[in-house]
Amino acid sequence: MTKSKTRRAKTKVLIVDDHPAVREGLALRIARQPDLEVSGEAADVAEALRELTANKPDVVVIDIALKTGNGIDLIKRIKSRDESVRMLVCSMYGENLYAERALRAGALGYITKEEATDQIIQAIRLVREGKVYLSKQMTDRMLQRAVQSPESPLARPAVEELSDRELEVFRLVGHGLDVRKIGEQMHVSPKTVETYVARIRKKLNLESGRALIQQAVQWVSETGDTNPAGAKAGK
């Protein structure tokens, strides 16, 4: 009897995305599944943590871009609170940019919003079972990198050596934000931002602030990050 009840129990899914239309669309897709149900929705880190406590979801689908904060930080916070919660990132960003960071933070899968149209339900079910969901291309890339020497063409690009917070500063610099505005977005002091900037310059071997800005702007353009310069942190 207990096993039967367990099989019939629906997996509770929390959706964390700062776009209401995206949340609504995903919620409708989940609602049509006999084994899944939406337990709540959130637009930022604070709302997500409240929903986590109130409704105890089994799976959390998280965007990198949130109203305040960002998805990587949220993954770490959820992981520290409850290791039993499974997490799947669903983002506009390509896997090569954030997938490894998401897995290191504690997520079990990464899917782009473009791919999500056809694969999101399968991804949720795999993550629910404790399995990793990545595209075949990303899986192959990670496996190849694991066996390459540092001198290999597949070795980790310099930008990927930045910490999550450093990458966020780098991205916001690329959108034209100054130190004060970056601090406001990330809820840290301008002095802390300056420390991040110094570390970024050292890791990327950049001689000046101007060189940092030029590289950041180019990186933002190449990665397809089209959010406006004043976007919330994590965008």
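The values are calculated or read from the model by the stated rules, or taken from the named source; none is laboratory data. The shown structure was predicted, so the numbers you read here are calculated from the model rather than taken from an experiment. Cβ placement follows ideal geometry from the backbone for every residue including glycine, while neighbour counts extend to all protein chains displayed.
Looking only at the range 33-50, decide whether some residue is of a type in the set (Lys, Arg) and without any contact (Cβ under 8 Å) to a residue 12 or more places away in the chain. Explain how you work it out, then say what you get.
Here is the first cut: in the range 33-50, the residues of a type in the set (Lys, Arg) are 50.
Keeping just the survivors that are without any contact (Cβ under 8 Å) to a residue 12 or more places away in the chain gives 50.
There is at least one residue in the range 33-50 that is of a type in the set (Lys, Arg) and without any contact (Cβ under 8 Å) to a residue 12 or more places away in the chain.
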So the helices (runs of 4 or more DSSP H) completely within the range 1-90 holding 2 or more residues that are touching an Asp or Glu at 6+ places or on another chain (Cβ under 8 Å) are 20-31, 45-55, 71-81
As an exercise: evaluate Glu115 against (1) within 21 Å of Gln137 (Cβ to Cβ); (2) modelled with pLDDT of 90 or more; (3) surrounded by fewer than 16 Cβ atoms within 10 Å (Cβ to Cβ) and give the number of the one condition it does not meet.
(2)
If you go through Arg128, Arg165, Arg180, the only one that is modelled with pLDDT of 90 or more, among the basic types (Lys, Arg) and surrounded by 14 or more Cβ atoms within 10 Å (Cβ to Cβ) is Arg128
Subset tally (residues that are modelled with pLDDT of 90 or more and not charged (D, E, K, R)) for the range 184-203
9
Any pair with Cβ under 8 angstrom, 6 or more apart, that starts in the range 8-24 at a residue that is in the same structural domain as Ile72 (by TED's automatic domain parsing) and ends at one that is hydroxyl-bearing (Ser, Thr, Tyr):
Lys12/Ser39; Val13/Ser39; Leu14/Ser39
Run Ala99 past the list (1) touching a helix residue (DSSP H, G or I) at 6+ places or on another chain (Cβ under 9 Å); (2) under 19 Å from Ala31 (Cα atoms) and report the number of the one that doesn't hold.
(2)
